[in-house]
Number of protein chains: 2
Amino acid sequence: MKRIAILGSTGSIGRSTLSVAESYPNRFQIVTLAAGRNIEAAFEQAKRWRPRVISMAAETDADALRARLKKEGLNQIEVVHGAAGTVHVATHCEVDFVVSAIVGVAGLEATYEAVRAGKALGLANKECLVAAGELITAEARKQKVALLPIDSEHNAVHQCMRGGRIEEVERVWLTASGGPFRNTPDSEFASITVEQALNHPTWKMGKRITIDSATLMNKGFEVIEACRLFHIPPSKVDVMVHPQSTIHSMVEFVDGSILAQFSVTDMRLPILYALTYPERIPSDMRFQVSDLRHLDFSPPDLKKFPCLRLAYEAVDAGGAKTVALNAADEVTVAAFLEGVIRFDQIPQIIEEVLAGTNCEPLGSIQKVLEADAEARSSASDRIAVQTKTRPRVTSFV
Amino acid sequence: MKRIAILGSTGSIGRSTLSVAESYPNRFQIVTLAAGRNIEAAFEQAKRWRPRVISMAAETDADALRARLKKEGLNQIEVVHGAAGTVHVATHCEVDFVVSAIVGVAGLEATYEAVRAGKALGLANKECLVAAGELITAEARKQKVALLPIDSEHNAVHQCMRGGRIEEVERVWLTASGGPFRNTPDSEFASITVEQALNHPTWKMGKRITIDSATLMNKGFEVIEACRLFHIPPSKVDVMVHPQSTIHSMVEFVDGSILAQFSVTDMRLPILYALTYPERIPSDMRFQVSDLRHLDFSPPDLKKFPCLRLAYEAVDAGGAKTVALNAADEVTVAAFLEGVIRFDQIPQIIEEVLAGTNCEPLGSIQKVLEADAEARSSASDRIAVQTKTRPRVTSFV
């Protein structure tokens, strides 16, 4: 019986993890949960899963949840809140495995503390590896705990890596759908509208990640994550555009052999893999190989998608650079969505922020959070300058 | 330093193995060689590699080679011959690893004795697994020696298998080019000419294997090899037509993940893999992932290609059935190449031979060879009947 903590239990990955736990009642026990602000969902999860502890983001929500659980006769469930509450959930002595799925930098401290407490980790939070990756992976190596990626690309890489030793890896190939502007000429990028950018051809996702997919920044983040997760230099990570997204990623070995992984596109599969590794257990998530027809591939255009180049440069430099990349991207994407800046200004502003960021190592989560705040502020300042000197894109005001 | 014996050193796989050894002089030492009837090639190999022992098929060739080597001052190279000579080469006490690449049933005894002597084995000979597979793999398990496949499909499967345990394999997917008649209507199969059948769209190979590719019998043999090499039932081995032959094969795991392997099409790669397993060492055989464009897949048509169905039936039954499948195929393909029978009669005659073959286990290589001879004789008899009752295909007389 694996005893599990979920950080971000009411989000998409959190709910998928509970769905996996539901399918294998004899294998997984949900010990602690960290929810966000959705009391109703948190209450239902607490009632269904009877965790030892549940944490809410805000104290008032925790109080309200405690009262509801008491009414239900579930006094034994400890209700905590805030950053300290999330850390308590992540480091609880009965927990074996922590699923880290809180979006944004909010989950960083708890994830880091989980590693320090020697918990195995399923990583579904981008920031853990992009912003705090150097810290978290160094600590994981020190504690000898497994970091298992819960996203289709890195999970695929993890699976392919089993075909050899890490020293035998020549290159990691991350596949990319290419986003909606794969075939859009460079010259039209300045006039890309929010509607066009939100219209992703393959996936339905949140707004920020949809824009990150359109700029290929999302793939840039994945390059950084791959470098840190597998401890390989950026020169060994490459991207291949594959519109069908059937092959989730590939690993090329020094002898010239390449292994590729594919499966149905269902987050429960990488979650199940992470929860059961090094075992594999039967699931009903079958890819119909007989339905395989055509797969297409092409290299990405780094000139058209400068965000991908910026990610390579940031991870190569390290330190606060990748923190700033993530922070500046979040701020500029929000500004684009509000119609404040143009699509092609997203990489321009990020590049300016990066130029003003140093790359000395960040020795603590606190330093990461400070660098994050500084980059956000720098990006906001630059956006303010842009909006004063350039006309706003009127159609989105 | 790995000390190597090559059975079939002057054939294509043998020469590729020597080419690999040439590239890594500090890793591999050629200790013994078994050549065929090509004295000139055997002499050059002996001169270059200075093996402890070299074996020729015929005594007269061995005598001639011995004389030539003596003239060259290479008296210390022991020259032997025949079946006993090949066994001597395969079981030499200084040998660690045997590459079994003698075409046909001639290599069976030596390969079996190599396993009995505890040598690790690289298998490039179809008959070892199709005809004598039950014996050889049982002995390999008993002796705990590694059987490493030296052909692109099974080598690919071996690599993908590293992604999980054998109990976690749901299905093995062998890819097939589909041969020249992939898109030929069923109704035209009776009039397929030798020229058409020898015109394989992807590979240039020997005549028998080219016809076996056109009938998909070659893929049928590979299904049998996969069952025996990986100890899985035929229900877990499937075939997928993939005309580009980029993906060499795939393994589907119980959790729904699929791993696929690809690389350049160069026999030195599976040879290198087999020789260095479980290590991988750098090679210059690079597949240009950036050249990847389109891959196509479709399921095979078992009605059009009954040979594939016959292979499934034969391995399911076991015993002499797979011996007879191989023997009857060799005889009928030769008859087709001589214009004695039609293309569509190849599976018909093989099916008749199989119907008259029993499936009790064959306890020795001698029994395998007897079953082989019996099936050949049965196939020849049936061909003789056909040629008496049907007009010969005049264009090839």
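Throughout, read-outs are computed from the coordinates displayed, never taken from laboratory work. As the structure is a computational prediction, the values presented were derived from the model and not from experiment. Methodologically, a virtual Cβ is constructed for each residue, glycine included, from the backbone with ideal geometry; neighbour enumeration extends over all protein chains shown.
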Residue-by-residue Karplus 3J(HN,Hα) for the range A:284-289, coefficients 6.51, -1.76, 1.60, Hz, glycine and proline x
9, 8, 9, 7, 7, 4
Using a 10 Å cut-off around each Cβ of peptide A:267-280, what is the average number of partner chain Cβ atoms that fall inside?
3
Per chain A, sqrt(5λ) over the Cα gyration tensor eigenvalues, sorted largest first, in Å, gives 33, 27, 21
Violations at 21 Å Cα threshold for listed pairs A:Lys126/A:Lys321; A:Lys126/A:Lys388; A:Lys144/A:Lys367; A:Lys236/B:Lys2; A:Lys303/A:Lys367 -> A:Lys126/A:Lys388; A:Lys144/A:Lys367; A:Lys236/B:Lys2; A:Lys303/A:Lys367
Over the Cα atoms of the protein assembly as shown, what Rg and Dmax result, in angstrom?
31.4, 102
Considering all alpha-carbon pairs of the range B:318-365, what whole percent are spaced by more than 18 angstrom?
32 percent
Reachable lysines, given that their alpha-carbon falls under 22 Å from the alpha-carbon of B:Lys71 and they are not under 8 places away in the same chain
B:Lys47
What nm distance separates the two modelled labels at B:Asp316 and B:Glu351, each placed 7 Å from Cα along Cα→Cβ?
1.4 nm
How much mean residue ellipticity at 222 nm does the protein assembly as shown get from its helices, if each DSSP H run of length 4 or more adds -39500 (n - 2.57) and you divide by all residues, to the nearest 500 deg cm²/dmol?
-14000 deg cm²/dmol
Length added when fully stretched, A:Glu195-A:Arg50, from 0.36 nm per residue minus Cα-Cα
47.9 nm
homo-copy label distances at B:Leu198 (7 angstrom along Cα-Cβ), nm, one dp, ascending, are 6.6
Centre separation in Å (Cα based) which lies between the range B:356-383 and the range A:152-191:
52 Å
Return the single residue from B:Pro299, B:Pro282, B:Pro361 with maximal mean-square fluctuation; model: Gaussian network over chain B, springs between Cα atoms under 10 Å.
B:Pro282
Under 18 Å from B:Lys142, Cα to Cα: lysines that are on another chain or at least 8 residues apart
B:Lys119
Among A:Pro361, A:Tyr312, A:Met205, pick out the residue whose Cα is farthest towards the positive end of the charge dipole of chain A, where Lys and Arg carry +1 and Asp and Glu carry -1 on C-beta, about the Cα centre.
A:Met205
Taking the Cβ of each residue in A:Met205, A:Met250 as the centre, tally the other Cβ atoms inside 10 Å and list the residues starting with the fewest.
A:Met205, A:Met250
For the range B:193-273, listing chymotrypsin sites (Phe, Trp or Tyr not before Pro) in a DSSP loop whose Cβ sees at most 10 other Cβ atoms within 10 Å gives none
For the range A:92-177 the trypsin sites (Lys or Arg not before Pro) that pass both the DSSP coil test and the at-most-10 other-Cβ-within-10 Å test are A:Lys144
Among B:Ala5, A:Gln45, A:Ile350, pick out the residue whose Cα is farthest towards the positive end of the charge dipole of the protein assembly as shown, where Lys and Arg carry +1 and Asp and Glu carry -1 on C-beta, about the Cα centre.
B:Ala5
Mind telling me which of A:Ala156, A:Ala35, A:Ala190 comes out most flexible in a GNM of chain A, alpha-carbon contacts under 10 Å?
A:Ala190
With viscosity set to 0.692 mPa s and temperature to 37 °C, compute the Stokes-Einstein D of the range B:264-397, Rh being the Kirkwood radius across alpha carbon pairs; µm²/s, no decimals.
183 µm²/s
Loop-located GluC sites (Glu not before Pro) in the range A:283-352 whose Cβ has at most 16 other Cβ within 10 Å (DSSP):
A:Glu338
If you take the C-alpha gyration tensor of the range A:204-270, multiply each eigenvalue by 5 and take the square root, what semi-axes do you get, largest first, in whole Å?
22, 17, 11
Can you tell me the length gained on complete extension of the stretch A:Thr184 to A:Ser290, counting 0.36 nm per residue apart and subtracting the Cα distance?
34.9 nm
If we hang a label 7 Å off Cα along the beta carbon direction at B:Arg50, how far is it from the matching labels on the other copies, in nm, shortest first?
7.7
Rounded to the nearest 5, what is the percent of antiparallel bridges among the DSSP beta bridges in the protein assembly as shown?
35 percent
When each copy gets a label point 7 Å from Cα toward the beta-carbon at B:Gln366, what are the spacings between them in nm, shortest first?
8.4
